[in-house]
Structure formats: structure tokens, C-alpha cells
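This report concerns only the one structure given below.
The values are calculated or read from the model by the stated rules, or taken from the named source; none is laboratory data. The structure presented is a predicted model; accordingly, all values stated were derived computationally and were not measured. Counting neighbours? That spans all protein chains shown, and the Cβs are built from the backbone with ideal geometry, glycine included. Just the protein is used for accessible areas: all its heavy atoms, side chains included, with ligands, DNA and RNA removed. Shrake-Rupley method; radii C 1.70, N 1.55, O 1.52, S 1.80 Å.
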Amino acid sequence: MHQRWSELTFVHWRFPVESVAGLLPAELAVETFDGSAWVGLVPFLMKGVRVAGTPPLPWISRFPETNVRTYVTDAAGRSGVWFFSLDAARLPAVLGGRAGFRLPYFWSDMSVSCAATRWTYRSQRRRSGARANLDVRVGPQLDSPDELAHFLTARYQLFNLVAGRLAAATVEHPPWPLNRADLLNLDETVLRAAGLPSPVGPPLVHASLGVPVRIGMWHWMN
């Protein structure tokens, strides 16, 4: 799959390792930074979604998405992303993500609005009502992201269980152009819906205009 992740905000919190580890499959362990697990709430606008060798289709190829994720390693020490949930505004994308990638997608009413330095995200699941509403003020671009920003954003592999076995998919994209950002407003229940406790303390927030992305198919991990 080819796509562009655009007008994206990374909102990350520290979590106790044990509160995240209990939600992972036995094949994966929490990857920590500074002794903590990290959980991200990541809303953005998906653009130009297409299968390799085909053009993007109108309407279906552009939609908001929000994911809740953490960072993990497998038994061989390989790093990747584990998704607790992914919300998308297009039902075909939800069905395709569940059937083709076996990922926990949810169909949601969503919107993304970007006016100058204020970015607004709205999301509410159609059945459960779990929501993720954010208002963000985007600041100046970072000349050189620090080690923690790199840890949280430079992720090039997804993990999942497919037919009961650990699988991974490669994610190819250039380094994120990151901006400082401030969270002006947050009203969310998607972390609790994923089984996570409420986050404690202020989040670390970055924004990005986006990058082009290519996602490969699942392959079994040895």
C-alpha cells in the first residue's frame, strides 16, 4: 500500500511498563525509553491511499485516521509498533484494514481541520462512542529532533498476530519533519477503550506536515 500521512500530531505519554505489557501478546515485550513505556495517540489525514501499481481513487483515498499505539520488540530484539486501535472515517478502509492487515480498525465519524497554526481533530466511533478530540497549536520546526523524538517517530516496522502467529510488515518513509506543538484541548476515551489506564502528567507533543509511506505485506517472524 502507498499513501501519505499528512497534518499529523504525535501525542505521547509515559506509562508504567507493567500497565502496557499486560496488553501485549506473549511474543512481544515493551520497548522502553528512560525506563518507561510510551503510548501514542496519533491523529492525521490519510491521502492518496492506493495499492501498488494503481492510481488513488476519489473519496476513498483521502480520510482522517487516528491510532493508539506503543513500541515493542520481538524475541530477537527487533523494534516495531503495536497498535491498540485504529479509527478511520471510511468504511471500506476499515474493512480492508481488518481483512487485509488484520489490524483493529474501527469505523468512526471524523474530521481534520488545519487553519494556520491551529490543527483540530474530531473522532467518535459509530458503535461504542469512544472519542478522540484534540486541538493543537503547531510551533516552529525542530532543526534536529532529540533522541526521544527519534525513538517515538522513527518506526519502520509493524507487528501483529495473524492466524495466531507473530507477523511483521515493513513501513518505508523518509524521516519525519517535526515541529514543536502544544496540546490546547484533549477529550479522549480511546485509551481506556484499549484497556489502558488514564495517562498521568503532561504529554509530549510533536506535529508534522507529513511524509509519503509505503507499507508492505505481512511476513511471518522466525
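One line per residue, one yes/no per condition, for (1) assigned to a loop (DSSP other than H, G, I, E, B); (2) at positive phi; (3) free of Cβ contacts under 8 Å to residues at least 12 places away in the same chain:
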{"residue": "L24", "(1), (2), (3)": "yes, no, no"}
{"residue": "M46", "(1), (2), (3)": "no, no, no"}
{"residue": "V49", "(1), (2), (3)": "no, no, no"}
{"residue": "G53", "(1), (2), (3)": "yes, yes, yes"}
{"residue": "P58", "(1), (2), (3)": "yes, no, yes"}
{"residue": "P64", "(1), (2), (3)": "no, no, no"}
{"residue": "V68", "(1), (2), (3)": "no, no, no"}
{"residue": "V72", "(1), (2), (3)": "no, no, no"}
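Using the structure shown, decide if L134 is in contact (Cβ under 8 Å) with a residue 24 or more places away in the chain and closer than 16 Å to L191 by Cα. Please lay out each step first, then the result.
Working: in contact (Cβ under 8 Å) with a residue 24 or more places away in the chain: yes; closer than 16 Å to L191 by Cα: yes.
Criteria met by L134.
Does the stretch 1-23 hold any residues that are open to solvent by 10 Å² or more (accessible area, probe 1.4 Å), at pLDDT 95 or above, over 30 Å from G139 (Cα atoms) and hydrophobic (A, V, I, L, M, F, W, C), and which are they? The answer is V17, A21, L23. Could you say whether any residue in the stretch 83-91 is hydroxyl-bearing (S, T, Y), within 17 Å of the chain's Cα centre (by Cα), modelled with pLDDT of 95 or more and farther than 28 Å from W220 by Cα? For the stretch 83-91, residues hydroxyl-bearing (S, T, Y), within 17 Å of the chain's Cα centre (by Cα), modelled with pLDDT of 95 or more and farther than 28 Å from W220 by Cα: absent.
Residues in the stretch 148-161 that are surrounded by fewer than 16 Cβ atoms within 10 Å (Cβ to Cβ) and either without any contact (Cβ under 8 Å) to a residue 24 or more places away in the chain or in a loop (DSSP other than H, G, I, E, B) (or both): H150, A154, Y156. Return the residues of the stretch 89-104 that are farther than 27 Å from A21 by Cβ and either crowded, with 19+ Cβ neighbours inside 10 Å or in contact (Cβ under 8 Å) with a residue 12 or more places away in the chain (or both); say none if nothing qualifies. Those that are farther than 27 Å from A21 by Cβ and either crowded, with 19+ Cβ neighbours inside 10 Å or in contact (Cβ under 8 Å) with a residue 12 or more places away in the chain (or both): A89, R90, L91, P92, A93, V94.
Against the condition under 27 Å from F15 (Cα atoms) and either of a type outside the set (G, A, S) or open to solvent by 30 Å² or more (accessible area, probe 1.4 Å) (or both), how does P56 come out, does it pass? I'd like the intermediate steps shown before the answer.
Details: under 27 Å from F15 (Cα atoms): no; either of a type outside the set (G, A, S) or open to solvent by 30 Å² or more (accessible area, probe 1.4 Å) (or both): yes.
No: the conditions fail for P56.
When restricted to residues that are closer than 19 Å to V171 by Cβ and open to solvent by 30 Å² or more (accessible area, probe 1.4 Å), the stretch 34-47 contains 1. Name every residue in the stretch 97-107 that is over 18 Å from L45 (Cβ atoms) and of a type in the set (G, A, S), in order of residue number. Of everything in the stretch 97-107, those that are over 18 Å from L45 (Cβ atoms) and of a type in the set (G, A, S) turn out to be A99, G100.
Considering L204, L161, the condition of being more than 16 Å from L8 (Cβ to Cβ) and among the aliphatic types (A, V, I, L, M) is satisfied by L161 alone.
Being touching a helix residue (DSSP H, G or I) at 6+ places or on another chain (Cβ under 7 Å) and free of Cβ contacts under 8 Å to residues at least 24 places away in the same chain: is that true of L86 here?
Working: touching a helix residue (DSSP H, G or I) at 6+ places or on another chain (Cβ under 7 Å): yes; free of Cβ contacts under 8 Å to residues at least 24 places away in the same chain: yes.
It is true that L86 is touching a helix residue (DSSP H, G or I) at 6+ places or on another chain (Cβ under 7 Å) and free of Cβ contacts under 8 Å to residues at least 24 places away in the same chain.
When restricted to residues that are within 21 Å of D182 (Cβ to Cβ) and either of a type in the set (G, A, S) or not in a strand (DSSP E or B) (or both), the stretch 26-44 contains 1. Within the stretch 108-136, the residues that satisfy the criterion of being small (G, A, S), open to solvent by 30 Å² or more (accessible area, probe 1.4 Å) and either within 19 Å of the chain's Cα centre (by Cα) or within 17 Å of M46 (Cα to Cα) (or both) are S111, S113.
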